[in-house]
Protein chains: 2
Amino acid sequence: MGYDSADIAARLQAARKTKGLSQRELSDLAGVPQAQISRIEAGTVDLRLSSLVALAHALDLELTLVPRKAVPAVRSLSREAVSANRKDIVAVQKEMQRISETMRGLQIKTPNLDGLQQLQKSFSDLQRFRVPTLDLDGLKQLRQSMEQISRPAKEMAALSQSIKLMQAVRNKAAHGPLPDTGDSPSRPAYSLDEDDDA
Amino acid sequence: MGYDSADIAARLQAARKTKGLSQRELSDLAGVPQAQISRIEAGTVDLRLSSLVALAHALDLELTLVPRKAVPAVRSLSREAVSANRKDIVAVQKEMQRISETMRGLQIKTPNLDGLQQLQKSFSDLQRFRVPTLDLDGLKQLRQSMEQISRPAKEMAALSQSIKLMQAVRNKAAHGPLPDTGDSPSRPAYSLDEDDDA
DNA sequence: AGGTTTGATGTCTTTAACTGCATCGCAATC
DNA sequence: GATTGCGATGCAGTTAAAGACATCAAACCT
């Protein structure tokens with residue numbers, strides 16, 4: 001337990017998920033038993049430093065001690081490194097791949113379904129976005145919806161739902177925070193404010 | 001043992017020292033036994049996260065997980081926060097205090113000693129400098145020398161030596177790296193270099 | 001529906017951190 | 001020379017993480 005410890009646990013889990021790793025995969029990677037990882041992420045154990053470092057290392061993270069006053073700066077710096085870029089590139093790519101396959105499947109199974117073309121067009125549109133801009137959860141939701149389309153008697157509802165979801169993802173990608181090409185430092189929010197205590 | 005763990009231990013010790021804390025003081029502050037702190041700093045134990053967090057907290061540090069690629073930036077950021085400012089303010093203050101007391105002692109014991117006035121003048125001069133600019137080791141050396149002055153038959157040698165040392169400290173403070181008032185961000189060395197792997 | 005994966009939990013043994021206390025050597029101070 | 005404060009070390013007892021299993025329920029995919 002503890003203010004900080006919970007943070008650490010949460011960050012470990014977040015890092016694992018955005019890397020698309022299961023607890024077992026991470027287990028193999030870090031040499032820490034899956035059961036232990038589960039307990040750690042749940043925050044029910046007071047883990048050893050060696051375990052923490054092993055996990056962090058496997059997740060391309062480093063454990064650092066930073067001065068209190070530098071914490072906000074470091075936070076924004078870390079955020080920039082993970083969210084603006086990288087995020088869950090692999091996971092998103094994978095999801096897009098699967099959606100693409102689902103799309104293909106639909107075109108074979110129900111080629112003459114009204115609106116399928118529109119969906120296809122939207123998808124082609126979506127594929128032009130740079131990976132990091134896409135929302136993983138939105139994509140997952142979308143795929144789930146798309147798979148409903150092959151269900152008899154639900155085609156139309158599922159189809160229009162899918163189109164809606166896809167446009168939602170598209171809009172989010174278009175208007176969301178832009179990681180863009182040359183990541184402009186966007187004003188250095190990281191600067192140590194002088195407090196001169198003591 | 002471990003690549004990272006040693007780092008952590010070292011940083012803990014460094015933080016403690018620059019704060020001018022003894023292991024026992026830190027022990028009281030963090031609630032971790034002195035013996036344990038010793039072992040931790042020596043790197044002979046694989047400490048628990050709770051201990052680490054307790055110590056970090058007591059030292060005004062926070063444990064954070066930062067992405068590999070952001071590590072250099074974070075490092076320079078932390079360095080800036082500790083070294084440019086703060087350094088070992090407390091220790092320097094303490095040392096200055098003790099020198100002041102030593103000075104007073106000399107003025108009582110050997111008030112008519114030639115050159116004492118010059119030493120006093122130099123010291124007053126020194127006191128006008130901002131704390132962080134002063135060199136701790138130089139001050140320690142100085143005090144040691146000053147205490148020799150009360151030793152019979154060595155007064156003169158010790159006195160001139162003290163004057164020399166004090167001027168050395170003064171010069172270092174005057175011409176050394178200036179932590180100055182408005183710490184200029186001195187060019188943001190922290191920027192995440194794009195590598196775009198994957 | 002059946003098979004697989006994922007995360008959560010349980011049990012047992014081993015290992016080691018942790019605590020509390022005492023002590024030691026060393027340096028600095030009086 | 002005695003005292004004090006420092007860090008390091010030893011030891012006995014308690015506690016809990018680690019490791020190596022085995023399950024289990026839920027979600028997922030075919």
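Quick look at the values:
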read-out: Residues being at pLDDT below 80 and closer than 16 Å to B:ARG98 by Cα - total across the range B:141-168; value: 3
read-out: Residues being within 9 Å of chain A (Cβ to nearest Cβ), of a type outside the set (A, V, I, L, M) and either out of contact with any Pro (no Cβ under 7 Å at 6 or more places or on another chain) or open to solvent by less than 50 Å² (accessible area, probe 1.4 Å) (or both) - total across the range B:10-62; value: 7
read-out: Hits in the range B:17-36 (condition: near DNA strand D (Cβ under 7 Å from one of its atoms) and either in contact with a strand residue (DSSP E or B) (Cβ under 6 Å, 6 or more places away or on another chain) or not acidic (Asp, Glu) (or both)); value: B:SER22, B:GLN23, B:ARG24, B:GLN34, B:ALA35
read-out: Residue match in the range B:5-16 (condition: more than 14 Å from B:HIS57 (Cβ to Cβ), at pLDDT below 95, within 10 Å of DNA strand D (Cβ to nearest atom) and not polar (S, T, N, Q)); value: no
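The values are calculated or read from the model by the stated rules, or taken from the named source; none is laboratory data. These numbers were taken from a predicted model, which means no experiment stands behind them. Cβ: placed from backbone, ideal geometry, glycine included. Neighbour counts: every protein chain shown. Accessible surface is based on the protein model in full, side chains and every heavy atom, while ligands, DNA and RNA are left aside. Shrake-Rupley method; radii C 1.70, N 1.55, O 1.52, S 1.80 Å.
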